[in-house]
Amino acid sequence: MKEKIVSLLSGIIFGVGLVISGMTNPEKVIGFLSITHNWDASLIFVMGGAIIVTAPFLYILRNRNQSSLGFDIKLPKKIDLDKKLIIGSSFFGIGWGLVGLCPGPAVSSIALFEPITLIFLLAMLVGILANKYI
Amino acid sequence: MYNFTPISALTGGIIIGCAVILYFYTTGRLAGISGIFANTFTSKANRSSNILFLLGLVLGPLGYFYFSKTPVNFEITNSYFLIIIAGFLVGFGTRIGGGCTSGHGICGISRISVRSIIATVTFIFTGMLTVFILQQFGIYL
């Protein structure tokens, strides 16, 4: 039960952060990706703000094996650079640049009742399932 | 610089960081949204917790708009063709590459993961290239 409450709470806080940061607006994201024309560097401050609070905390907790609710801490162990990482990230970047939506803001923008984002999420799900079943 | 909002960007980023910390500290999992979204549909493990996280991602902004009464800025292309291609590539690419802006860009870089740093540089680069190419065709000027 506690896990479910903190999951909901984490999502709420994350979503509020996204809205305040302006990143739920695809125009802001496109502004950041538009490096040669009217560049808007705000996205760097969003990622930077998140990293400056997260990094020290993860560093302090780096040797813990269990979370406060008693779950095993599972961090990605892979360290080698492979083609999949580069190819997958390249595809993601192209999709991100086409309309200015990545998964977090895409889910959060359901709150704006814009039907076009539901189509985006549906297409995203198709992409996820295509990867799983190909 | 155009439309630059460093204070709200930094504030929002710090709040996002707090959410990542809370989620990791309590559940032991990193808040990568593409992973949470994908696992909701493809894995039984932690399914209810994943669904509740996604629900929170919607409820947070809903509550914020309700209480703050700030105008909602949302400008996106009206091309369904672009939306469908983009959505597919985001879903497909994040699964192959193992993360998105939150998983690689925030959680991974915070762990100083070389893979995540490379992934983030890659998707920002291809994103910028994509916008540049679209601009040559008169989209996003």
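The values are calculated or read from the model by the stated rules, or taken from the named source; none is laboratory data. This structure is a prediction, so every number in the text was calculated from the model and none was measured. Virtual Cβ from ideal backbone geometry, glycine too; neighbours counted across all protein chains shown.
So which residues in the stretch A:43-82 are touching a strand residue (DSSP E or B) at 6+ places or on another chain (Cβ under 7 Å) and crowded, with 17+ Cβ neighbours inside 10 Å, if there are any at all? Steps first, answer last, please.
At the first step, the residues of the stretch A:43-82 found to be touching a strand residue (DSSP E or B) at 6+ places or on another chain (Cβ under 7 Å) are A:65-66, A:72-73.
A:I73, the sole residue that qualifies.
Out of the stretch A:66-113, which residues are polar (S, T, N, Q) and either touching a Ser or Thr at 6+ places or on another chain (Cβ under 9 Å) or within 12 Å of B:A86 (Cβ to Cβ) (or both)? First the steps, then the outcome.
Narrowing the stretch A:66-113 to residues polar (S, T, N, Q): A:66-68, A:89-90, A:108-109.
Matches in the stretch A:66-113: A:S67, A:S68, A:S89, A:S90, A:S108, A:S109.
Quick check: is even one residue across the stretch A:73-92 within 7 Å of chain B (Cβ to nearest Cβ), touching a Phe, Trp or Tyr at 6+ places or on another chain (Cβ under 6 Å), within 18 Å of B:F123 (Cβ to Cβ) and aliphatic (A, V, I, L, M)? No, there is no match, as no residue in the stretch A:73-92 is within 7 Å of chain B (Cβ to nearest Cβ), touching a Phe, Trp or Tyr at 6+ places or on another chain (Cβ under 6 Å), within 18 Å of B:F123 (Cβ to Cβ) and aliphatic (A, V, I, L, M). Listed by first and then second residue, the pairs linking a residue in the stretch A:116-134 that is without any contact (Cβ under 8 Å) to a residue 40 or more places away in the chain to a residue that is assigned to a helix (DSSP H, G or I) and charged (D, E, K, R), with Cβ atoms under 7 Å apart and 6 or more places separating them unless they lie on different chains, are A:I128/B:R95; A:N131/B:R95.
Being under 17 Å from A:P105 (Cα atoms) and either assigned to a helix (DSSP H, G or I) or within 7 Å of chain B (Cβ to nearest Cβ) (or both): is that true of A:K4 here?
no
May I ask you to list the residues in the stretch A:29-42 that are facing chain B (nearest Cβ under 7 Å) and crowded, with 19+ Cβ neighbours inside 10 Å? Once the filter is applied, which keeps residues that are facing chain B (nearest Cβ under 7 Å) and crowded, with 19+ Cβ neighbours inside 10 Å, the stretch A:29-42 yields A:I30, A:G31, A:L33, A:S34, A:D40, A:S42.
For the stretch B:1-55, residues that are facing chain A (nearest Cβ under 7 Å), without any contact (Cβ under 8 Å) to a residue 12 or more places away in the chain and among the β-branched types (V, I, T) total 7.
So B:I112 ticks every box in (1) surrounded by fewer than 19 Cβ atoms within 10 Å (Cβ to Cβ); (2) assigned to a loop (DSSP other than H, G, I, E, B); (3) facing chain A (nearest Cβ under 7 Å); (4) among the hydrophobic types (A, V, I, L, M, F, W, C) but one. Which box is left unticked? Failed condition: (3).
Quick check: anything in the stretch B:116-136 closer than 15 Å to A:G104 by Cα and either assigned to a loop (DSSP other than H, G, I, E, B) or at pLDDT 95 or above (or both)? It would help to see each step written out before you state the result.
Step one: of the stretch B:116-136, the residues closer than 15 Å to A:G104 by Cα are none.
No, the stretch B:116-136 contains no residue that is closer than 15 Å to A:G104 by Cα and either assigned to a loop (DSSP other than H, G, I, E, B) or at pLDDT 95 or above (or both).
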